[in-house]
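**Student:** Supplied in structure tokens, the structure appears directly below.
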Amino acid sequence: MSTINPFVFPGLRSRVIFGHGTIVETGVEIARLGRRKALVLSTPNQKADAEALSERLGALSAGIFAGAVMHTPVEVTETALAAFKSSGADCVVSLGGGSTIGLGKAIATRSGADQVVIPTTYAGSEMTDILGETAGGEKTTRRDPSILPETVIYDVDLTLTLPPALTITSGLNAMAHAAEALYARDRNPIVTLMSTDALRTLSGALPALAKDAGDREARAGALYGAWLCGAALGGASMALHHKLCHTLGGSFNTPHAETHAILLPHTIGFNSVEIPDLLAPVSDALGGTPGAALFDFAASLGAPTKLRDFGLSESDLDRASEIATKNPYWNPRAFNREDIRALLQDAWEGRRPPQ
Ligand code: NAD
């Protein structure tokens, strides 16, 4: 029998609705929260969808703000907050991926607005009380109960338009949450169960979606897996992998999902040396040692494998390893600046990790 270590399980706090066509429940959910008018948020890319939802909401809509941007720059939040206040809205509906959800969280924590979130990627932000914001070229992250969305509506149909390349990188982004939750310092048995099932589900759904991005069953599996991954991200602290992704995204503006997809085999391979048992669910889902298995899996799906393809120079890697090790933080394996510099070099060149 395995040892049960002491743990704290803080509970799962958001109301979650999952299915096909569930976007029609948005108005019911706004009313359930006792709110009267929602500002519908999106990126410029998904403006037409935001407009259609706003129209469907009728009197429950206070209009749209379609200016969400990746990494939640504070200037955009200030403009959106002014729009929120002048619209007379008392809640937001965030329709989109992590960028739109981040904007909704930034408005909510500044105004007390409730959030109904309709995620259309696999990034998982909807299930967390974490907000990352960018100001002056650096990204800072904080946790607060006011940041956690009240209601999350997962509508599988909305993910059918997620472009094939982003489908894969966003799915790998989700798997990163599950992988790091397995060894989190504050992990608990429920988070481990969710992470294990998420890795199993996504390891089946993503290859099916790489073949046919319109496969509805695989889309449902991927979104279900992404929910579990988001819940794992919200329920446990992240370590080396997420810290490096935030450094590259926040200070070098690398694209979020792609950065996760490229770094994941390297960070997990690095940590697996210290805690191979805790990472067994990764090996069980993919076969092989964790880092190498993740590298082969990502490559087989056609995901990018080299940081150098995203505008980073080798001198950027020097600066990134300095920023990432400036404030020490917990990781299951100790490291120094040279370790991180070497890891980033491997990821820059797209080398397959040995472990
Ligand atoms: P994104 O939200 O920037 O979306 C990428 C692009 O795809 C956007 O143009 C978007 O409009 C478009 N798109 C999204 N869904 C689509 C769909 N179904 N069909 C067609 N187009 C679609 O990307 P992301 O990877 O979801 O989010 C990244 C951001 O989220 C980063 O800023 C990251 O830091 C943040 N994030 C935060 C947390 C958290 O817990 N705080 C967790 C994960 C991600």
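**Student:** Within the chain, what percent of beta bridges assigned by DSSP are antiparallel, to the nearest 5?
**Tutor:** 20 percent
**Student:** Could I ask something else about it? Taking the 0 to 90 degree range and rounding to the nearest ten, how far is the long axis of helix 290-300 tilted relative to the main principal axis of the chain, both from C-alpha atoms?
**Tutor:** It works out to around 60 degrees.
**Student:** Here is a further query. Given Leu166, Ala68, Ala178, which one lies farthest toward the positive end of the charge dipole of the chain, if we put +1 on the Cβ of every Lys and Arg and -1 on the Cβ of every Asp and Glu?
**Tutor:** The residue sitting most towards the positive pole is Ala68.
**Student:** Rounded to whole Å and ordered largest first, report the semi-axes of the equivalent ellipsoid of segment 288-339 derived from its Cα gyration tensor (root of 5λ). It would help to have the intermediate numbers written out before the result.
**Tutor:** On the way: eigenvalues 120, 68, 11 Å².
Equivalent-ellipsoid dimensions as semi-axes: 25, 18, 7 Å.
**Student:** Arrange the peptides 116-122, 250-256, 184-190 so that the one whose residues have, on average, the most other Cβ atoms within 10 Å appears first.
**Tutor:** 116-122, 250-256, 184-190
**Student:** Could I ask something else about it? With only alpha-carbon atoms counted, please give the Rg and Dmax of the chain, in Å.
**Tutor:** Using the Cα atoms of the chain, the pair Rg, Dmax is 19.5, 60 Å.
**Student:** Quick check: from the Cα gyration tensor, does segment 164-349 come out rounded (a/c under 1.5), prolate or oblate?
**Tutor:** oblate
**Student:** Okay, helix-only estimate at 222 nm for the chain: each DSSP H run of n ≥ 4 adds -39500 (n - 2.57), divide by all residues, round to 500 deg cm²/dmol; what do you get?
**Tutor:** Value at 222 nm, helices only: -16500 deg cm²/dmol.
**Student:** Relative to the longest principal axis of the chain, what angle (0 to 90°, nearest 10) does the C-alpha long axis of helix 164-182 take?
**Tutor:** The helix 164-182 is inclined about 70 degrees to the chain.
**Student:** While we're looking at this one, here's another question. Please identify which residues in segment 84-116 have an amide N closer than 12 Å to a label point set 7 Å out from the Cα of Arg36, following the Cα→Cβ vector.
**Tutor:** 88-91
**Student:** Ok, one more. Give the angle, between 0 and 90 degrees and rounded to the nearest 10, that separates the Cα long axis of helix 314-324 from the longest principal axis of the Cα atoms of the chain.
**Tutor:** Roughly 70 degrees between the two axes.
**Student:** Also, I was wondering about something else. If the only charges are +1 at each Lys and Arg Cβ and -1 at each Asp and Glu Cβ, what is the size of the charge dipole of the chain around the Cα centre, to the nearest 20 debye?
**Tutor:** So the magnitude is around 480 debye.
**Student:** Same structure, new question: If I build a Gaussian network model for the chain, linking alpha-carbon pairs within less than 10 angstrom, which residue out of Ser146, Ser315, Ser99 has the largest mean-square fluctuation?
**Tutor:** Of Ser146, Ser315, Ser99, the Gaussian network model singles out Ser315 as fluctuating most.
**Student:** Apply the Karplus parameterisation 6.51 cos²θ - 1.76 cosθ + 1.60, with θ equal to phi minus 60°, to every residue of segment 133-147 and state each ³J(HN,Hα) to the nearest whole Hz, in sequence, with x for glycine and proline.
**Tutor:** In residue order, the calculated couplings are 10, 10, 8, x, x, 10, 9, 10, 10, 9, 10, 7, x, 5, 8 Hz.
**Student:** OK, next. For segment 262-347, state which chymotrypsin sites (Phe, Trp or Tyr not before Pro) are in a DSSP loop and have at most 16 other beta carbons lying within 10 Å of their beta carbon.
**Tutor:** Tyr329, Trp330
**Student:** Still on this structure: Amide H to amide H, which residues 5 or more places from Ala123 or on other chains are under 5 Å from it, using H placed in the peptide plane?
**Tutor:** Those qualifying (amide H under 5 Å, at least 5 residues apart or on another chain) are Gly98.
**Student:** Most fluctuating residue of Pro276, Pro73, Pro328 in a GNM of the chain with Cα springs under 10 Å: which is it?
**Tutor:** Evaluated over the chain, the most mobile residue of the options is Pro328.
**Student:** Quick one: which residues, 5 or more positions from Cys91 or on another chain, have an amide H under 5 Å from its amide H? H modelled 1.01 Å from N in the peptide plane, none for Pro or chain starts.
**Tutor:** Lys37, Leu39
Read-outs: derived from the displayed coordinates by stated rules, not from any lab. On a predicted model such as this, the values are computed, not experimentally measured, just so you know. Cβ sites come from the backbone with ideal geometry, for glycine too, and all protein chains shown count toward neighbours.
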